[in-house]
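Shown next, in structure tokens, is the structure this report addresses.
Here, each number is a calculation from the coordinates, and none is a lab measurement. Just so we're clear, the structure is a prediction, and the values are computed from it rather than from any experiment. Here the Cβ is made from the backbone with ideal geometry for all residues, glycine too, and neighbour counts use every protein chain on show.
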Amino acid sequence: MNWMDICALDEINPLGSRIVASSKGDIAIFRTADDQVFALRDRCPHKGGPLSQGLVHGKQVTCPLHSWQISLENGEALAPDEGCAHKYPAKVENGRVLLCLEKQRDCACH
Amino acid sequence: MKKLKLVMVGNGMAGVRTLEELLKIAPDLYDITVFGAEPHPNYNRILLSPVLAGEQTFEEIILNDLDWYAKHDIDLRLGRKVVQIDRRNRRVVADDGSSAEYDRLLLATGSLPFILPIPGKDLQGVIGYRDIADTLAMMDAAKQYKHAVVIGGGLLGLEAANGLKLRGMDVSVVHIGDWLLERQLDRTAGALLQQSLEQRGLNFLLPKHTAELLDNGDGRVCAVKFKDGEVIPADLVVMAAGIRPNSELAEQAGIACNRGILVNDTLQTYDPRIYAIGECASHRGIAYGLVAPLFEQAKVCANHLAQLGFARYQGSVTSTKLKVTGIDLFSAGEFMGGEGTETITLSDPIGGVYKKLVLKDDVLVGACLYGDTADGGWYFRQIREQANVAAIRDHLMFGESTTGDVGHQGQSSAANMPDSMEVCGCNGVCKGTIVKAIQENGLFSVDEIKKHTKAGSSCGSCVGLVEQILISTVGGAADVKPKSEKAICGCSELTHGQVRKAIRDHHLTSLSDAMTFMDWQTPNGCATCRPALNYYLISTWPGEAKDDPQSRLINERAHANIQKDGTYSVVPRMWGGVTNPSELRRIADVADKYHVPMVKVTGGQRIDLLGIKKEDLPGVWKDLDMPSGHAYGKSIRTVKTCVGSEFCRFGTQNSTQLGIDLEHDLFNMWSPHKVKLAVSGCPRNCAEAGIKDIGIIGVDSGWELYIGGNGGIKTEVAEFFVKLKSAEEVREYSAAFLQLYREEAFYLERTVHYMQRVGMEHIKKAVLEDEVNRKALAERLRYALSLEQDPWQERIHSPALKKEFERIPVTQLETA
């Protein structure tokens, strides 16, 4: 896997997110309360809302436009809604946030 | 730890709902075994009538399919009736000899039809009406036979009669009472119902006592004979003369029963390991037969089974909302009236409408509605909340139009709407879609409907209609509670009122403390509860509780309004709607510099710059050099003004100056919902003060204050509050009222809804009658606002806060 260094973990607020302007479009990186990071394409499967602007709780984010609940773990909308925001691999190592722009197998889009 | 063993006897709605509630709060506590006498999984018994009438199939009314049981590792034993409880060895034995051991036993055996003890009751063709087998037997009989007699003019009897008629039989209903549905309707409404059912082809015999059922010679019923000697033909007799709790099994095991299995407030029987719930249980002398109370019991029972033990069941006020062949009926509380009560009646026999309201000491205690039941839910709430209705008595009869003014073609009654008509104008959801979702997914609450269909989930103006559709689809099973009784969200059992009180009483000043103290069921809440908790904390403990930006929705976090394409709009503050050439020049320069796609004048007398990229926001604010307009917040928005006495030839007071002063007084005020004010300089009221949270109208001798107006989803005219002499007084009284609202209202409750909940009297007492309290309220608001700063200025200057607006650029990406 081709990991890229994005920023220090401290540069993302707990229960917050940042936008990475990548070659594959905007990617939202989220930080949970227990300091895990997750990356999704910054577009809600519903109407394209920027998920990076949503409210993070548990391992979910609520879309700021129409309150769809998206799982950070697999990018999928929670029932009864259906759809998937593309998930990218992300992790924290030595206090740095790392992102990989390759396709992730456990993402429901694939 | 080894799991405890929970055995449930009975597989109906109340029992399975208890398991669902239990699995939600303690998914791993028990190994669960369920015995069901019927060979089916849990189905919606209330919808047997539509199955009989041919409107739905059996598959459509299944609530929990077999996969559900499998998914939760429930050992489901269908077609097996439990015949013995061995309490000493904690074991139940079924009719096929199989058995199961228990640590906790839940009896949910439901009820049995009451079969009249008359000769011929055991003949073929004589049945009760309780389950799917009875329903199938009736459908079968309708194919072969002509004459049906239904004994019992209650709800079940009328539904059976209606269904059999639709399947082509000649149906007579025999009833012992003087009128139909005498437990749900008064005599007048009962007679109206009989009349219209007769027009639909049903025959009624009442009051009439059945003496005997006659044999056709082959062991099948052929006629019904009455005590007065009359005989009518009958190939099918449906006994719908009532139900009795099925407590036989418990009685045999020595558990105390008296018209039901006796249970305490935690639904435990005489043997504390054994619980009973639903129609088989008798709580404080009442065995409930409606679904809503049974679901309340289920919640409490599950709470106790989960070893939490803080919930109590204390009985339910019930309402009946029913539909017989398309006729809407509703009754609740003490609708018959009686000593010490007064009644208000509206009767229109030609139009087919009859309404009766029963009052006792200015409190609504009962309601009986026939033909038009749109306001049933509202009356029911008044009865439950025991609200004083003296002030609205003169128009109580006309109900409350609970729906908004716009977005659904002016409809306020769901019953009259065709399936194809749009209910939710925001999300384009038709009535038929909602009905289908309710039936297919087994929905019982408006929140569930919102999730599944999106109807009512945006602006909320159609929620009243959605609630009506829910009630007319599932009847008494509908879970319709006012916000004051509802849990704040799925993360907690507590209501908004309880949460506010806990934060105040226990001096909770942080989100994590509050969630820990109140046993929040999710690690960090959700998008519904976190903004509410954050508001309650900062409004209760200003200066002590720290605002948590991550618990605010995006508009309040970015201090701008997010648009559909992810850009933002910026509305700088113009005090009292007054601006000047220099501000206008700066706005024009910003619009040029940032290529703002649209510049628009708002309804609040200021200017909106739309389509700004998030990363440009701090720069825009800096270049504008104007304060935040808070157009994005649950906060003070604007004070709209007219020109007033300085220029206007009709003006009596300087409304512009008072508006500017008020807007300065309230700058940076967070509140439960948005707050808008208006000041007009004369009664011509050009500032439209009648539809504002506080509307102020200048008259020659001073100022009139109106509160609780609203110009949005549902137009609400503000109510007169007080007349004052000076502008200083207006500022003090306005601050005091708004602080009271800030301290007492629930999150997302507008002033009008807060007023409706607590009553104008309460507000007058706190603000008008008690000078010390008024000054203290105004002072508390002043103190809270003294700690706030203009959020735009803060974000221009603080690098930490600026981070929110910066993107991590692509050039920074390097291979690690």
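Shape summary of the stretch A:3-100, radius of gyration then Dmax from alpha carbon positions: 12.2, 38 Å.
The alpha-carbon of residue B:450 sits under 12 angstrom from the alpha-carbons of these aspartates and glutamates, leaving out residues fewer than 8 places away in its chain: A:81, B:467. Take the Cα of residue B:256, step 7 Å along the line toward its Cβ, and report every residue of the stretch B:277-313 whose backbone nitrogen sits under 19 Å from that point. Under cut-off, by backbone N: B:277-278, B:280-288, B:313.
Volume per residue for the protein assembly as shown equals 197 cubic angstrom (convex hull of Cα atoms). With the simple spin-label model, which puts each label point 7 Å out from Cα in the Cβ direction, the residue B:139 to residue B:646 separation comes to 7.7 nm.
Remark: for residue pairs B:143/B:431; B:546/B:802; B:436/B:634; B:593/B:640; B:81/B:227, the C-alpha separation exceeds 26 Å in B:143/B:431; B:436/B:634; B:593/B:640; B:81/B:227. One Cα centroid belongs to the stretch B:185-230, the other to the stretch B:509-578; the line between them spans 64 Å.
Remark: the protein assembly as shown carries a charge dipole of roughly 700 debye about the Cα centre, counting +1 on each Lys and Arg Cβ and -1 on each Asp and Glu Cβ.
For chain B, what does the relative contact order come out to in percent, with C-alpha contacts under 8 Å and a separation of six or more? Write down the numbers at each step before the final one.
Details: 1642 pairs, mean separation 55.4, N = 816.
It comes to 7 percent, rounded to a whole number.
Calculated on C-alpha atoms, the gyration radius of the stretch B:66-171 divided by its Kirkwood radius gives an Rg/Rh of 1.10.
Averaged over peptide A:64-70, the number of partner chain Cβ atoms lying within 10 Å of each residue's Cβ comes to 5. Relative contact order for the stretch B:636-786: 19 percent, from Cα pairs under 8 Å spaced at least 6 residues apart, divided by residue count.
Using +1 on the beta carbon of Lys and Arg, -1 on that of Asp and Glu, and nothing else charged, what's the dipole of the stretch B:136-199 about the Cα centre, debye to 20?
220
Compute, for the stretch B:126-241, the length of the dipole vector about the Cα centre, with Cβ point charges of +1 (Lys, Arg) and -1 (Asp, Glu) only. Units Debye, rounded to 20. Show your work: numbers first, answer last.
Values: 12 positive and 15 negative charges, 39 e Å.
The calculation lands at about 180 debye.
The alpha carbons of the stretch B:414-477 stretch over 27, 24, 18 Å along the principal axes, in descending order.
Simple spin-label estimate for residue B:771 and residue B:244 gives 7.1 nm between the two label positions (7 Å along the Cα-to-Cβ direction from each Cα).
Just to confirm a number: summing +1 for Lys and Arg and -1 for Asp and Glu over residues other than residue B:182 whose beta-carbon lies under 15 angstrom from that of residue B:182, what do you get? Working shown, then result.
Values: positive: B:183, B:187, B:208, B:356; negative: B:178, B:186, B:334.
Here the charged neighbours net out to +1.
Subtracting the Cα-Cα distance of residue B:595 and residue B:395 from their residue separation scaled by 0.36 nm leaves 66.6 nm. So, R0 is 22 Å and r is the distance between the beta-carbons of residue B:798 and residue B:588; what FRET efficiency does that work out to, to 0.05? Efficiency, rounded to the nearest 0.05: 0.20. In the stretch B:636-786, the alpha-carbon atoms span a convex hull of 94 Å³ per residue.
Other protein chain C-beta atoms within 10 Å of residue C-beta, averaged over A:28-35: 1. Taking 0.36 nm per residue of sequence separation and removing the Cα-Cα distance, the residue B:565/residue B:271 pair yields an extension gain of 99.6 nm. Given R₀ = 35 Å, what would the calculated FRET efficiency be for residue B:522 paired with residue B:71, taking r from the Cβ atoms and rounding to 0.05? The pair residue B:522/residue B:71 has a calculated efficiency of 0.95. Using the Cβ-Cβ distance between residue A:9 and residue B:547 with R0 = 22 Å, the FRET efficiency computed as 1/(1 + (r/R0)^6) comes to roughly 0.45. When every Cα-Cα distance of the stretch B:570-703 is counted in 5 angstrom steps from zero, the calculated P(r) takes the values 2, 11, 19, 20, 17, 14, 10, 5, 2, 1, 0 percent.
Going by average Cβ density within 10 Å per residue, which order do the peptides B:238-250, B:382-394, B:176-188 take, highest to lowest?
For the peptides B:238-250, B:382-394, B:176-188, the packing ranking is B:238-250, B:176-188, B:382-394.
Note that the stretch B:487-552, at 20 °C in a medium of 1.002 mPa s, gets a Stokes-Einstein diffusion coefficient of 187 µm²/s from its Kirkwood radius over C-alpha pairs. Straight Cα distances below 16 angstrom link residue B:676 to the aspartates and glutamates B:661, B:663, B:665, B:688, B:693, B:716, B:719, B:749, with same-chain residues fewer than 8 positions distant left out.
Of the Cα atoms belonging to the stretch B:126-241, the radius of gyration and Dmax stand at 13.5, 43 Å. Each residue of chain B gets 210 Å³ once the volume of the Cα convex hull is shared out per residue. Spacing of the modelled spin labels on residue B:87 and residue B:578, each 7 Å from Cα toward Cβ, amounts to 8.2 nm. Among residues other than residue B:108 with Cβ under 10 Å from its Cβ, the summed charge is 0 (Lys and Arg +1, Asp and Glu -1).
Can you give me the Cα centroid spacing of the stretch B:632-695 and the stretch B:324-391 in angstrom? Rounded to whole Å, the Cα centres lie 41 Å apart.
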